[in-house]
1. Taking all protein chains as present, what is the carbon and sulfur share of the accessible area of the chain, in % to the nearest whole number, probe 1.4 Å?
2. Set the Förster radius R0 to 30 Å, insert the Cβ-Cβ distance between Asp30 and Leu113 as r into 1/(1 + (r/R0)^6), and round the FRET efficiency to 0.05.
3. Averaged per residue, what accessible area in Å² does the range 1-115 show with a 1.4 Å probe, protein chains only?
4. Each residue of the range 5-22 in turn: what ³J(HN,Hα) in whole Hz from Karplus with 6.51, -1.76, 1.60 and θ = phi - 60°, glycine and Pro shown as x?
5. If the limit is 28 Å between Cα atoms, which of Lys2/Lys72; Lys94/Lys160; Lys72/Lys94 go over it?
6. State, as an integer percentage, the relative contact order of the chain based on alpha-carbon contacts under 8 Å between residues 6 or more apart.
7. Compute the helix-to-body angle for 101-123: its Cα long axis versus the longest principal axis of the chain, expressed 0 to 90° and rounded to tens.
8. Within 10 Å, count the other beta carbons around each residue, average over each peptide in 103-114, 54-65, and list them highest first.
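The values are calculated or read from the model by the stated rules, or taken from the named source; none is laboratory data. In this text the structure is predicted, and so the values were computed from the model without any measurement. So basically every Cβ, Gly included, is an ideal-geometry build from the backbone, and we count neighbours across all protein chains shown. Accessible surface areas use protein heavy atoms only, side chains included; no ligands, DNA or RNA. Shrake-Rupley method; radii C 1.70, N 1.55, O 1.52, S 1.80 Å.
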Amino acid sequence: MKNLARRIIFGILSVSCCVLIFYFSSQNGDTSSDTSGGFISFFCELLVPSFSGFDGENRTEFVESLQHIVRKCAHYSIYFILAIFLLQFFLTFKRLRKKIWRPFIVSWAFCILYAATDELHQYFVPERSSQITDVAIDSLGALSALLISALIFALWHKFKRK
């Protein structure tokens, strides 16, 4: 029963993360820029003391200078989270757990495939483009999460045995 509850919870979290990725990819260029710009402005108000004193042009220039890095970090982060949710979901299947590396590989493969189809989807959204570098960043985010999870898993089992 406990395993079924975990499967349902992490299944829902995985699907929700995929829906969120699809939602952000469906935004046209202007809306996407406004979303990331609003995010940057919000955090700059909190973290950069002089930001509230910037005039309109300097404020816009400052936000635009951060857009590229924030967007790439968002790609990395959302796929990092998706990989963790997927790994926890796939770990609930006994058949996949027969070889401990299988849930890790399946999770990473799913993330790569989803990233590629997401970029294909973006190709058809007005004022957006699809980039292979985004697939690479997404894949790296997922791989990082899975490697950290594997390390935690290995350490946990090592100390559990003692």
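1. So the carbon and sulfur contribution to the accessible surface is 70 percent.
2. Computed FRET efficiency for Asp30 and Leu113 comes out at 0.55.
3. Ligands and nucleic acids excluded, the result is 63 Å² per residue.
4. 4, 4, 4, 5, 4, 6, x, 5, 5, 5, 5, 4, 5, 4, 5, 4, 4, 4
5. Lys2/Lys72; Lys72/Lys94
6. Relative contact order of the chain: 31 percent.
7. Between the helix axis and the principal axis of the chain, the angle is about 30 degrees.
8. With the highest mean Cβ count within 10 Å placed first, the list reads 103-114, 54-65.
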